[in-house]
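Working notes, structure below.
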Amino acid sequence: MKVLGIESSCDETGVAIFDAEAGLLAQALHTQVDLHAIYGGVVPELASRDHIRLLPALIRQCLRQAGLAVAALDAVAYTAGPGLAGALLVGASVAESLALAAGIPALPVHHLEGHMLSPLLSDDPPAFPFVALLVSGGHTQLMRVADVGDYQLLGETLDDAAGEAFDKTAKILGLGYPGGPQLAALAARGRAGSFKLPRPLLHSGDLDFSFSGLKTAVLNVVSSPRWRMERAADLAADFQQAVVDVLVAKSMAALDATAMSALVVAGGVSANLVLRAALDAAGAGRGARVHYPAQDLCADNGVMIAFAGAQRLLRGERPAAGGVIRVRPRWPLNELARPRANPHETPPS
Ligand code: KG4
Ligand code: ZN
């Protein structure tokens with residue numbers, strides 16, 4: 001079964017072809033970082049236009065790479081949400097039109113489900129059930145994952161997502177967009193421990209998060225008359241350590257609460273090496289395994305969407321024929337259902 005995957009929810013245009021039998025056949029990714037960098041963040045209209053410009057070429061490139069004609073595809077999977085409405089509509093329009101023309105099903109995929117299942121592509125994939133820590137630019141959530149489509153929300157951020165806190169703190173420290181990787185690089189040159197930054201909700205007794213106060217604490221340090229820019233690396237290291245401490249403690253608490261021994265970490269922030277080392281150490285201390293996507297699949301990409309679509313099709317999901325263009329810019333992951341015949345996921349609300 002060969003599935004073409006299309007990702008266009010934010011600032012990456014991603015396309016891939018995943019074959020349930022042979023694995024990944026092709027992938028193409030275009031990042032819009034240069035396009036948005038001068039604005040310090042993603043400009044939605046520019047994102048949509050760039051997806052329109054590049055999607056047809058990337059699809060052709062993947063088909064060529066895989067040596068396939070459109071007629072050889074079994075389905076087209078695309079990100080239907082959450083994300084930027086215009087950007088999602090580009091991917092949905094292309095996917096639904098292509099599927100309609102080819103007479104194959106189009107499958108709307110949840111972006112976070114794509115992230116969450118991507119560690120299953122690794123050589124040593126996790127087995128269900130597991131706890132998932134989803135840390136992206138827009139979401140920070142802990143999920144109890146029984147199977148594909150069987151998700152129970154255990155806790156989530158009450159304000160900023162972890163990635164968003166990285167991005168905002170990077171901006172405060174004068175770093176460019178996207179902030180997360182740049183802040184992590186700066187932190188690697190510093191030493192944590194000299195600033196007393198808070199660990200929000202660390203002892204709240206639940207599995208929720210809050211990161212906006214942490215960003216404000218950094219702003220307060222930088223606004224002080226005693227602040228010296230030479231200390232930016234140390235402050236970045238302290239900020240990163242505060243986020244990591246909270247993510248690790250809550251993830252371990254989620255493993256305890258669910259009596260599980262496997263943790264899956266996914267979303268852009270899962271690329272962070274300090275986070276990975278701390279989770280690995282904490283997990284090992286209690287006999288738990290921590291699974292991550294390959295480094296090149298942490299950020300948004302088409303592979304995870306093709307793969308998630310294939311997982312649903314393999315489990316019996318039978319979407320309607322292509323042609324209905326609907327997206328859900330806001331779409332809670334735990335509203336998803338297990339794969340079933342003819343679901344057409346009930347967007348939009
Ligand atoms: O999953 P993702 O690529 O896009 C969304 O679905 O939001 O996540 C992007 C987020 C951004 O906030 C980015 O700054 C953050 O992931 N990020 C990182 C790192 N790499 C990306 N945060 C911390 N450390 C990193 N190495
Ligand atoms: Zn993402």
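The values are calculated or read from the model by the stated rules, or taken from the named source; none is laboratory data. Since this is a predicted model, take the numbers as computed values, not measurements. Don't worry about glycine lacking a Cβ; one is built from the backbone with ideal geometry, like all the others, and counts go over all protein chains shown. Areas reflect the complete protein model, heavy atoms only, side chains present, ligands, DNA and RNA absent. Shrake-Rupley method; radii C 1.70, N 1.55, O 1.52, S 1.80 Å.
Listed by first and then second residue, the pairs with beta-carbon distance under 8 Å, at least 6 apart or on different chains, first residue in the range 1-23 and assigned to a strand (DSSP E or B), second of a type in the set (S, T, N, Q) and more than 15 Å from ligand 2 (Cβ to nearest atom), are Gly14/Gln27; Val15/Gln27; Val15/Gln61; Ala16/Gln27; Ile17/Gln27; Ile17/Gln65. Within the span defined as the range 269-289, one or more residues are in contact with a Cys (Cβ under 7 Å, 6 or more places away or on another chain) and of a type in the set (A, V, I, L, M, F, W, C).
With respect to the stated conditions, Ile59 fails to be out of contact with any Pro (no Cβ under 9 Å at 6 or more places or on another chain) and farther than 12 Å from Gly5 by Cβ. Once the range 110-151 is narrowed to residues that are small (Gly, Ala, Ser) and surrounded by fewer than 17 Cβ atoms within 10 Å (Cβ to Cβ), the residue that is farthest from Phe18 (Cα to Cα) is Ala146.
Residue-wise test of (1) out of contact with any Lys or Arg (no Cβ under 7 Å at 6 or more places or on another chain); (2) closer than 21 Å to His110 by Cβ; (3) hydroxyl-bearing (Ser, Thr, Tyr); (4) away from ligand 1 (no atom under 16 Å from the Cβ).
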residue	(1), (2), (3), (4)
Asp238	yes, no, no, no
Ala271	yes, yes, no, no
Arg276	yes, no, no, no
Ala282	yes, no, no, yes
Ile325	yes, yes, no, yes
Leu333	yes, yes, no, no
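Inside the range 249-267, residues that are closer than 10 Å to Pro293 by Cα and open to solvent by 10 Å² or more (accessible area, probe 1.4 Å) make up a count of 0. Against the test of being surrounded by 16 or more Cβ atoms within 10 Å (Cβ to Cβ) and away from ligand 1 (no atom under 16 Å from the Cβ), the options Leu107, Leu84 yield a single qualifying residue, Leu107. Number of residues in the range 148-180 that are under 14 Å from Val243 (Cβ atoms) and within 16 Å of ligand 2 (Cβ to nearest atom) equals 11. When residues in the range 12-24 are screened for being within 14 Å of ligand 2 (Cβ to nearest atom) and open to solvent by 20 Å² or more (accessible area, probe 1.4 Å), 1 of them pass. Scan (1) over 28 Å from Asp208 (Cα atoms); (2) within 16 Å of ligand 1 (Cβ to nearest atom); (3) among the hydrophobic types (A, V, I, L, M, F, W, C) for the single condition Leu112 breaks and write down its number. It fails just one condition, (1).
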